[in-house]
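The structure appears right after this line, and notes come after that.
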Amino acid sequence: MTQSILCTLCGSLANFYARFRDIGYYKCSKCQSVMMDPGSYLSSEKEKYRYDQHNNDVNDSGYRNFVKPLVEAVKHYYSPEDSGLDYGAGPGPVTAVILGEQGYSIELYDPFYHPAQKVLNLKYDYIICCEVIEHFKKPAEEFAQLRFLLKENGSIFCMTEMFDDNLDFMSWHYKNDPTHLFFYHEKAISWIKENYCFKEAKIRGRLIHLLV
């Protein structure tokens, strides 16, 4: 196993950090994030199979409660008249469904479940990424695209579990999902803010808010 790779977000040197189930993980020397060895990524078929096993019922009360902070954040900043995109919506786009019930209009995009490219030709007031950014194989390219899709004064709302230096990585449940490829440190969010020209980046637990 190689001792270093290039960070898939910031391009800096990422050194070997841990090994779990014969998969290597690397920690970036600059943005401090931890990432899976790209050589261990699942095939597209196995990746989709994994997503198909998730709880995708938009009427499940636990699922709806889980995304409540994301729903409330969108409602705080935007009105039903504003345009939204659920990026990486999956088969059960519960955040978009809940907001839709309250009059919001949100387009869906997902490479497996909602692959219509036409929605990527539009601009949006806000973009939702609910438990999505940890799946990015090329986070630098994905964030560049997300930034391009935003209107002036737009926002990206993300939900993910953040990595920090105090957690016990080997016992951390979040890394056990083989489709979770990149774990963001606070310094990575700061790097995204600076390099993709966001005015502000807010982190509140699992919720990340990037404002243009």
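The values are calculated or read from the model by the stated rules, or taken from the named source; none is laboratory data. From a predicted model like this one, the values you see are computed outputs, not experimental measurements. Every residue, glycine among them, receives a Cβ derived from its backbone with ideal geometry; neighbour counts consider all protein chains shown.
Remarks
- Residues that are more than 25 Å from Y51 (Cβ to Cβ), of a type in the set (A, V, I, L, M, F, W, C) and touching a Cys at 6+ places or on another chain (Cβ under 6 Å), drawn from the stretch 155-204: W191
- Tally, over the stretch 187-212, of residues that are free of Cβ contacts under 8 Å to residues at least 40 places away in the same chain and not small (G, A, S): 6
- Candidate set: the stretch 1-18, residues that are under 18 Å from E134 (Cα atoms) and out of contact with any Leu (no Cβ under 9 Å at 6 or more places or on another chain); chosen: the one surrounded by the most Cβ atoms within 10 Å (Cβ to Cβ): L9
- Qualifying positions in the stretch 54-78 - touching a residue at least 60 places away in the same chain (Cβ under 8 Å) and either assigned to a helix (DSSP H, G or I) or hydrophobic (A, V, I, L, M, F, W, C) (or both): V67, P69, L70, A73, V74, Y77
- Test: residue in the stretch 35-53 that is crowded, with 17+ Cβ neighbours inside 10 Å, under 26 Å from L207 (Cβ atoms), touching a residue at least 12 places away in the same chain (Cβ under 8 Å) and more than 18 Å from the chain's Cα centre (by Cα): no
This table checks each residue for (1) at pLDDT 95 or above; (2) surrounded by 21 or more Cβ atoms within 10 Å (Cβ to Cβ); (3) under 22 Å from S12 (Cα atoms); (4) under 16 Å from the mean Cα position of the chain (by Cα).
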{"site": "Y126", "(1), (2), (3), (4)": "yes, yes, no, yes"}
{"site": "C129", "(1), (2), (3), (4)": "yes, yes, no, yes"}
{"site": "F182", "(1), (2), (3), (4)": "yes, yes, yes, yes"}
{"site": "E194", "(1), (2), (3), (4)": "yes, no, yes, no"}
{"site": "E200", "(1), (2), (3), (4)": "yes, no, no, no"}
{"site": "R206", "(1), (2), (3), (4)": "yes, no, no, yes"}
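- Candidates in the stretch 131-148 are the residues that are among the aromatic types (F, W, Y) and closer than 18 Å to H180 by Cα; of these, the one that is surrounded by the most Cβ atoms within 10 Å (Cβ to Cβ) is F143.
- The stretch 58-72, subset charged (D, E, K, R) and surrounded by 13 or more Cβ atoms within 10 Å (Cβ to Cβ), residue farthest from I98 (Cα to Cα): D60
- Any hit, the stretch 79-98, residues being closer than 19 Å to G205 by Cα, charged (D, E, K, R) and in a loop (DSSP other than H, G, I, E, B): no
- Residue in the stretch 132-147 that is more than 15 Å from K27 (Cα to Cα), part of a helix (DSSP H, G or I), under 15 Å from the mean Cα position of the chain (by Cα) and β-branched (V, I, T) present: yes
- The stretch 19-34, subset in contact (Cβ under 8 Å) with a residue 60 or more places away in the chain and of a type in the set (S, T, N, Q), residue surrounded by the most Cβ atoms within 10 Å (Cβ to Cβ): S33
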